[in-house]
Amino acid sequence: MTEHERALALQGHLRTLGRRSLLRGAGLGLASLALGRIARGDEGEQAQGLHHAPRARRVVHLFQSGGPSQLELFDHKPLLQERNGEELPDSVRRGQRLTGMSGNQASLPLAGAQFQFARHGESGAWMSELVPHTAAIADDLCIVRTVVTEAINHDPAATFLLTGSQIAGRPSMGAWLSYGLGTMNGDLPVFCVLVTKGKGGQPLYKRLWGSGFLSARHQGVQLRAGPDPVLYLNDPPGLDRATRRRMLDALREMHEDDAQRSGDVAPLDRIAQAELAFRLQSSVPEVADLSDEPDATFELYGEDARNPGTYAANCVLARRLIERDVRFVQLFHRGWDQHGSLPGAIRTQCRETDRASAALVTDLKRRGLLDDTLVVWGGEFGRTCYCQGKLTPTNYGRDHHPRCASVWMAGGGVRAGSVYGETDEFGYNIVRDPVHVHDLHATILHLLGVDHERLVHRHQGRRFRLTDVHGEVVEALVG
């Protein structure tokens, strides 16, 4: 079918349905015109459906912005302690590129982690003393030690991990899930974003949770701490809810008339967004108010969870959103970019995140939600085994490293109590089972019942997908 024929067909379909029938059902306005056409990769802005039985229905992505050092957390390398201060061998580096921050150093001294490691769980996974709460749930985790990215600096690496491309402008992972799977709760966004308040670090751009060339209704909705969790959601003073309802009804009729005349679905997206905002005025304040949580919640997540906007409070809010069938919740926590003063800085980061991350997994499990909720923890890349800057007996830093990053996953059909992939004894190269970012995305989509090669959108004459033209499902990660 040609573009012109599709437009004519859509126009006729709109006229046949009529105004009222288009709005009947989930109340999402005119946002979903046709379902289940993913096999043909049509250009429509509809939820496209499942390709196989899903293991997960929802995702929580705990994005640790800046690149956590795997060598201090999950990838134990005693050789680095034994050879602390020695030069990184050329046979290990193999001429691989470095960033401009350490590439001109006269020396690249090996830096051993200054923290104790021990084995945990039946899997015997090595974990640092910095993450005791995460270590306590080792048997719920699938730890991947060999994540590989193509980017060596923060912006392209974060953009790559979160959108599948180093080039800005592509839809984010959550937007792809909204586009492909649609909503499970019409009173809340499909995709919610929570950012830890008051944390410095690498910039976070809204495009990281944006919709790119997909409809704007697929972008993430950021919930913030304070009296207005979603900006510009509340009605202005003097406008009551009944008046707002009449305004939306009038606006809806105008958009429907526009769509009927032109065959363009853009007006339908706009009214769908307006209708969702109307419903969010009631649903968001309820879900964002933690005052009804029992003391046991704060005993589990830590007292920081009582302070709105902290990472711990956001983890509680993530659970509340998951309980209400939000499809994709993404938490952002900055501060992991530790080029210097790493020992002290990483202690702070772990103190802020370890307990709440583990508590979220435990809480979901207790509530029977972990089986079909996938939790993913990790940053945009790993860190070098050599020291950036001056190495001292008590201090060191690590540069960006596009190989050997560690990521853990829990629930949602992953192989619990497992460790996947192996790096060399220096923690610099992968010796077994690399997992490219596209492979990670393909596996996440697979767990959600989606074939990554078939979740596509035509834009500017090309079919795009989250995994570009790459990616393979890592079957060994699936339980």
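Looking only at residues that are of a type in the set (Val, Ile, Thr) and in a helix (DSSP H, G or I) in region 343-395, which one is nearest to Leu162 (Cα to Cα)? Give the derivation first.
Kept after step one, since they are of a type in the set (Val, Ile, Thr), are these residues of region 343-395: 346, 348, 353, 361-362, 373, 375-376, 384, 392, 394.
Of the ones still in play, those that are also in a helix (DSSP H, G or I) are 346, 348, 353, 361-362.
Numbers: Ile346: 23, Thr348: 25, Thr353: 20, Val361: 22, Thr362: 25 Å.
The residue in question is Thr353.
Kindly establish whether Pro308 is within 25 Å of Phe74 (Cα to Cα), touching a residue at least 60 places away in the same chain (Cβ under 8 Å) and over 19 Å from the mean Cα position of the chain (by Cα). Can you show your working first?
Working: within 25 Å of Phe74 (Cα to Cα): no; touching a residue at least 60 places away in the same chain (Cβ under 8 Å): yes; over 19 Å from the mean Cα position of the chain (by Cα): yes.
It is false that Pro308 is within 25 Å of Phe74 (Cα to Cα), touching a residue at least 60 places away in the same chain (Cβ under 8 Å) and over 19 Å from the mean Cα position of the chain (by Cα).
Please go through region 80-97 and pick out each residue that is surrounded by fewer than 19 Cβ atoms within 10 Å (Cβ to Cβ) and within 34 Å of the chain's Cα centre (by Cα).
Gln81, Val92, Arg93, Arg94, Gly95, Gln96, Arg97, listed by residue number.
Any residue in region 396-406 that is closer than 30 Å to Gln81 by Cβ, part of a loop (DSSP other than H, G, I, E, B), at pLDDT 95 or above and within 19 Å of the chain's Cα centre (by Cα)?
yes
Anything in region 290-319 that is basic (Lys, Arg) and farther than 15 Å from Ala225 by Cα? List them, or say none.
Taking region 290-319 first, the residues basic (Lys, Arg) are 306, 319.
Hit for region 290-319 is Arg319, nothing else.
Which ones in region 314-354 are among the small types (Gly, Ala, Ser) and closer than 19 Å to Leu208 by Cβ?
Within region 314-354, the subset among the small types (Gly, Ala, Ser) is 318, 335, 340-341, 344-345.
Ala318, Gly335, listed by residue number.
Just to check your reading of the model, which residue among Gly389, Gly417, Gly479 is over 17 Å from the mean Cα position of the chain (by Cα), surrounded by fewer than 22 Cβ atoms within 10 Å (Cβ to Cβ) and farther than 24 Å from Asp139 by Cα?
Values: Gly417 fails: farther than 24 Å from Asp139 by Cα; Gly479 fails: farther than 24 Å from Asp139 by Cα.
Gly389 is the lone residue from the list that is over 17 Å from the mean Cα position of the chain (by Cα), surrounded by fewer than 22 Cβ atoms within 10 Å (Cβ to Cβ) and farther than 24 Å from Asp139 by Cα.
Show me the strands (runs of 3 or more DSSP E) found entirely inside region 122-212 where at least 1 residues are hydrophobic (A, V, I, L, M, F, W, C), over 30 Å from His457 (Cα atoms) and out of contact with any helix residue (DSSP H, G or I) (no Cβ under 9 Å at 6 or more places or on another chain). Lay out the reasoning, then the answer.
Numbers: elements: 125-128, 141-148, 191-195.
Fully inside region 122-212 and qualifying: 125-128, 141-148.
Output the number of the condition that Pro227 fails; it satisfies all remaining conditions of (1) part of a loop (DSSP other than H, G, I, E, B); (2) farther than 27 Å from Trp336 by Cα; (3) of a type outside the set (S, T, N, Q); (4) in contact (Cβ under 8 Å) with a residue 24 or more places away in the chain.
(4)
Among the residues of region 431-458, count how many are crowded, with 18+ Cβ neighbours inside 10 Å and part of a strand (DSSP E or B).
3
The values are calculated or read from the model by the stated rules, or taken from the named source; none is laboratory data. Small disclaimer: the values here were computed from a predicted structure and weren't measured. Note: ideal-geometry Cβ built from the backbone for every residue, glycine included; neighbour counts use all protein chains shown.
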